[in-house]
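The values are calculated or read from the model by the stated rules, or taken from the named source; none is laboratory data. Model, not experiment: these values are computed from the prediction. All Cβ positions, glycine included, derive from the backbone under ideal geometry; neighbour counts span all protein chains shown.
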């Protein structure tokens, strides 16, 4: 069973205003999907809408994924505009607080957890509620896990812990989604050229304690990976997809 591109396909992308979320949104829109772009700042979202040239197929909805009421309003806006949700790219995330973790405040730790873990959960929860109730039933969720979902960098406790937890969300949601025809997978990205990863080009700490410049890939490649996963029929699923710069440190972080 292949994807019928003549049928409207509706996606929600969180963190859609910049980086990987922007690249995925543009790839989906170019392929004919309708996309609800979510992010905390409205200006970048509107810029992506304008850049896409997709007209009414693109809708910007300012959203704080760490706020469950905001996430609920996001899904309501998508259904009101397009009637259903076929895909959630659960992408919004934030990096580590600055400095060694011994110096972090509880607020700094909680800020990462609220976005990277709680926000992921709130979006999965609303996606399940929407996808199991619509007709035809079902849909797909793609979580942005990051390579740090399996392999940490030095001094990355908040980011790595939350991304390890995302892997647990993906596995359990994939299992729980079966009875509702909801396919759940994860994309783990290593060193795509985004604002978050730009420091790789100037040197980042290695496990040895040294600083090293790391190679990066064009973020558009990640957008195409998300599009590939999105266009699979619902009876097939990529559970984990790793897309990375070929020569970046990953296995053993060396």
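None of 88, 45, 59 is at pLDDT 95 or above, in a strand (DSSP E or B), under 16 Å from the mean Cα position of the chain (by Cα) and crowded, with 20+ Cβ neighbours inside 10 Å except 88. Residues of the range 140-156 that are part of a helix (DSSP H, G or I) and either in contact with a strand residue (DSSP E or B) (Cβ under 7 Å, 6 or more places away or on another chain) or at pLDDT 95 or above (or both): 147, 149. Scanning the range 11-42 for residues that are over 13 Å from the mean Cα position of the chain (by Cα) and not in a strand (DSSP E or B) gives 26, 27, 28, 29, 30, 31, 32, 33, 40, 41, 42. Report, by residue number, each residue of the range 105-119 that is in contact (Cβ under 8 Å) with a residue 12 or more places away in the chain and either within 10 Å of residue 158 (Cα to Cα) or touching a helix residue (DSSP H, G or I) at 6+ places or on another chain (Cβ under 6 Å) (or both). Within the range 105-119, 108, 109, 111, 112, 113, 116, 117 meet the criteria. Filtering the range 62-85 to residues that are in a loop (DSSP other than H, G, I, E, B) and over 28 Å from residue 109 (Cβ atoms) leaves 83, 84, 85. Cβ-Cβ distances below 6 Å connect the following pairs, each with a first residue in the range 41-68 that is farther than 13 Å from residue 21 by Cβ, a second residue that is assigned to a loop (DSSP other than H, G, I, E, B) and modelled with pLDDT of 95 or more, and a separation of six or more residues or different chains: 64/40. Here residue 170 meets the list (1) free of Cβ contacts under 8 Å to residues at least 60 places away in the same chain; (2) farther than 27 Å from residue 103 by Cβ almost entirely, failing just condition (1). Of note, residue 173 satisfies the criterion of being buried (at least 20 other Cβ atoms within 10 Å of the Cβ) and part of a helix (DSSP H, G or I). Every condition in (1) touching a residue at least 60 places away in the same chain (Cβ under 8 Å); (2) touching a helix residue (DSSP H, G or I) at 6+ places or on another chain (Cβ under 7 Å) is met by residue 83 except one, and the failing one is (2).
When residues in the range 210-235 are screened for being in a loop (DSSP other than H, G, I, E, B) and touching a residue at least 24 places away in the same chain (Cβ under 8 Å), 9 of them pass.
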